[in-house]
Every structure is written in structure tokens, then in C-alpha cells.
Amino acid sequence: MHLNDRMNERDVLNGLKSGSREALAILWQEHSGHVLNLAFRMLKDRDQAEDILMDVFVQVPRSVQKFRGESNLGTWLYRLTVNACLMKLRAERRHAELEEENWDTIVESALGTEEKEQEFDTELLTLGLNQLPAETRSMLWLKDAEGLDIKDLTEIYRMPDGTIKARLSRARHFIKDFLTRKQKNA
């Protein structure tokens, strides 16, 4: 069963709050792949991403009681996932690389379409992205590669939209300068 087949998002939320296993199964079916993907992008380790996936969904029945439904369930799950990943990264004091997929969208957002025509070494891009803080890297990924809007990011990171926009702008500027500098030195 999927959302809109028999239960809409509000029904799923009400079901989760009342302890419905069916609602949790629908939430899993609809969002587990996205949660796993985001966790993998942040941690760059499949086993750890799967651990985060399980941790997030184990946390759902308890955490949903505090969820007021002001954002959609997917955005709320992204926030739980980002928080869990950041806690893991802080505990291990390591930063992960982003997967090569969808890098074109990140490069394009940083460089613009004209300069995107240049080919950049993916190792060089990874090196640049890894110099960004994990939270900023994940923010850039969610905005440019996953296509989330600023409103969703403000919900996920619990920051004002101006802060989100500023961080994205600085991250894109950093990547552009980094790639341009390294390309000229090559």
C-alpha cells in the first residue's frame, strides 16, 4: 500500500501517533529509500547508512508524538536523518565524500552552465566538497541534487531561510574558486 491508495499523509501521521503498524509500514515503504540515500550521501558508508535508517525508523514511534505536522513527513524524516548522521559524524570526527552521482547538478550550481562545460576531475571535486563541513555538504546535496526547496531545508536544519541561502551561496562560491584554482594549477 502507498500513500494515496488508502491512506493520505494525514491518515499516516494519525496512524503513527496511535501506534499503527500499518502506518509505520507505509512510511517505511514510501521513505526508507530516501532516508538510506541521504544517510549514505552523508556518511559514505553503506553499513552505517543502514544503521542510521534503522535508528531513524526505530525513533519514529517515539518522535512522532512531538511532530505537529507543520511540514510533510518526508521533510521531517530528512531532519531526523540529518541529525542522526551529524551526531554520528561528530562522534567519529570524520567527514564523508559525496557519491559521484548527480555531481553535475552541484558543479552546475557552483559554476554556472557556461563553465560547467569544462571537465573537472571527480577526485578534485570530491576533494573540494570534503573541505566543506558535513552539514553544509548535505545541505548542498539536498538542494542541488535532490531538488529540495529552501522551505524544506529550513525545516530540516531548523535555520532561517537567510542562513540556509547564505551557506549555500558560500559553499557554491567555495567550490567554484576551489575548482578554478586547481584547474589553473594543473
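Before moving on, here are some points about what is shown:
- Residues in region 129-142 that are free of Cβ contacts under 8 Å to residues at least 60 places away in the same chain, surrounded by fewer than 22 Cβ atoms within 10 Å (Cβ to Cβ) and part of a helix (DSSP H, G or I): ASN130, GLU135, THR136.
- The condition of being within 23 Å of LEU140 (Cβ to Cβ), loosely packed, with under 15 Cβ neighbours inside 10 Å and at pLDDT 90 or above holds for only one of GLY19, GLY33, that being GLY33.
Condition check ((1) under 30 Å from ASN130 (Cβ atoms); (2) at pLDDT 90 or above; (3) surrounded by fewer than 15 Cβ atoms within 10 Å (Cβ to Cβ)) across all residues:
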| site | (1), (2), (3) |
| --- | --- |
| LEU27 | no, yes, no |
| ALA39 | yes, yes, no |
| ASP47 | yes, yes, yes |
| ILE52 | yes, yes, no |
| PHE57 | yes, yes, no |
| GLN65 | no, yes, yes |
| GLU70 | no, no, yes |
| THR75 | yes, yes, no |
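- Residues in region 143-186 that are in a helix (DSSP H, G or I), surrounded by 16 or more Cβ atoms within 10 Å (Cβ to Cβ) and touching a residue at least 12 places away in the same chain (Cβ under 8 Å): 18 in all.
- Looking only at region 44-78, residues that are of a type in the set (D, E, K, R) and over 19 Å from TYR157 (Cα atoms) come to 7 in all.
- Tally of residues being among the hydrophobic types (A, V, I, L, M, F, W, C), out of contact with any Ser or Thr (no Cβ under 6 Å at 6 or more places or on another chain) and in contact (Cβ under 8 Å) with a residue 60 or more places away in the chain across region 11-69: 2
The values are calculated or read from the model by the stated rules, or taken from the named source; none is laboratory data. Please read these numbers as outputs of a predicted model, since none were measured by experiment. Quick reminder, even Gly has a Cβ in these numbers, built from the backbone with ideal geometry, and neighbours come from all protein chains shown.
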